[in-house]
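**Student:** Below is one structure. I have some questions about it.
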Amino acid sequence: MNNRLTTASADRPLTTQPSTAALWLANVSVFFGSVYWLTNHMTSVRADVGAVVFQWERAIPFIDWTIIPYGSILAFFVASFFLCRSRAELNCHTARLVTVVLMSVVCFVLWPQRFVFERPVVEGVLGAMFQLLTAVDLPYNRTPSLHISVLVILWVLFARRTNGWMRHAVYAWFALIGVSVLTTYQHHVIDVPAGALAGWLCVWLFPESGRPRLQTLLR
């Protein structure tokens, strides 16, 4: 009887409880920002920071307007918590995000990397956006790309919540966000597949239904 009540509570729709989604959003955001900032500043004082750069990467153009799709991931991140339709789905989404941050931080500490290309000067509104980005994000915490990891997790959720032309539009915009990590000179190429792998690993570890796979493997 108690198990049935617990299951019913976990699957209760959240459409009438935006405060629950807002609470999880606030908690994850604070955790994400604090851990990311701390690791970034710790890496900035290390002497063993490297960079994996392919020679052909220098041909990748800097495209200033792609800062718009790059920054738009924040809006999708916020919206994602309110798209979850049950407590179980919200818990799954949160677990994926928290795990990918922890996984990435371990990589940042064990294998510190930085971005080494010089970004051209940008003026106007786009320039102000780049200045804000520079102020909050030092050129460390590169591999894996958390931008890409989070994008993968968001992609899976938004794919379930959209259809028709809206789904195609979301796919196209998310693809643009993926490309923008290179064209805004935020990441080197190696960071992208590493970030995608981390994101998909967390999606696999926490399936939409059933036990988390890590819990199953440890039984």
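The values are calculated or read from the model by the stated rules, or taken from the named source; none is laboratory data. For clarity, every value in this text was computed on a predicted model and none was experimentally measured. Note that each Cβ is placed from the backbone with ideal geometry, even for glycine, and that neighbours are counted across all protein chains shown. The accessibility values were calculated without ligands, DNA or RNA, using every heavy atom of the protein model including side chains. Shrake-Rupley method; radii C 1.70, N 1.55, O 1.52, S 1.80 Å.
**Student:** Being open to solvent by less than 50 Å² (accessible area, probe 1.4 Å) and in contact (Cβ under 8 Å) with a residue 24 or more places away in the chain is true for just one of VAL116, VAL49, VAL109. Which residue is that? Full working, then the answer.
**Tutor:** Numbers: VAL116 fails: open to solvent by less than 50 Å² (accessible area, probe 1.4 Å); VAL109 fails: open to solvent by less than 50 Å² (accessible area, probe 1.4 Å).
It is VAL49.
**Student:** Could you tell me whether any residue of the range 161-170 is among the hydrophobic types (A, V, I, L, M, F, W, C) and either touching a Phe, Trp or Tyr at 6+ places or on another chain (Cβ under 8 Å) or touching a residue at least 40 places away in the same chain (Cβ under 8 Å) (or both)?
**Tutor:** Filtering the range 161-170 down to residues among the hydrophobic types (A, V, I, L, M, F, W, C) leaves 165-166, 169-170.
Keeping just the survivors that are either touching a Phe, Trp or Tyr at 6+ places or on another chain (Cβ under 8 Å) or touching a residue at least 40 places away in the same chain (Cβ under 8 Å) (or both) gives 170.
The answer is yes; a qualifying residue exists.
**Student:** Could I ask something else about it? Within the range 41-60, which residues are modelled with pLDDT of 90 or more and part of a helix (DSSP H, G or I)?
**Tutor:** Within the range 41-60, GLN55, TRP56, GLU57, ARG58, ALA59 meet the criteria.
**Student:** Go through the range 154-174 and give me each residue that's more than 22 Å from VAL101 (Cβ to Cβ) and either touching a Leu at 6+ places or on another chain (Cβ under 8 Å) or open to solvent by less than 20 Å² (accessible area, probe 1.4 Å) (or both).
**Tutor:** Across the range 154-174, the qualifying residues are ARG161, THR162, VAL170.
**Student:** Run CYS84 past the list (1) crowded, with 19+ Cβ neighbours inside 10 Å; (2) free of Cβ contacts under 8 Å to residues at least 40 places away in the same chain and report the number of the one that doesn't hold.
**Tutor:** The number of the failed condition is (2).
**Student:** Quick one: which helices (runs of 4 or more DSSP H) sit completely within the range 121-219 and have at least 1 residues that are in contact with a Ser or Thr (Cβ under 6 Å, 6 or more places away or on another chain)? Outline the logic, then answer.
**Tutor:** Values: elements: 124-136, 146-161, 164-183, 191-205, 213-218.
Because the criterion is at least 1 residues that are in contact with a Ser or Thr (Cβ under 6 Å, 6 or more places away or on another chain), the helices (runs of 4 or more DSSP H) in the range 121-219 that meet it are 146-161, 164-183, 191-205.
**Student:** Run down VAL98, VAL105 and say which single residue is out of contact with any His (no Cβ under 7 Å at 6 or more places or on another chain), assigned to a helix (DSSP H, G or I) and modelled with pLDDT of 95 or more. Step through it out loud before you land on a result.
**Tutor:** Numbers: VAL105 fails: modelled with pLDDT of 95 or more.
Of VAL98, VAL105, the one residue that is out of contact with any His (no Cβ under 7 Å at 6 or more places or on another chain), assigned to a helix (DSSP H, G or I) and modelled with pLDDT of 95 or more is VAL98.
**Student:** Residues in the range 52-72 that are open to solvent by 40 Å² or more (accessible area, probe 1.4 Å) and either touching a Gly at 6+ places or on another chain (Cβ under 8 Å) or touching a residue at least 12 places away in the same chain (Cβ under 8 Å) (or both): how many? Break it down stepwise before answering.
**Tutor:** Step one: of the range 52-72, the residues open to solvent by 40 Å² or more (accessible area, probe 1.4 Å) are 52-56, 58-59, 61-65, 68.
Subset that is either touching a Gly at 6+ places or on another chain (Cβ under 8 Å) or touching a residue at least 12 places away in the same chain (Cβ under 8 Å) (or both): 52-54, 58, 61-65, 68.
Of the residues in that region, 10 qualify.
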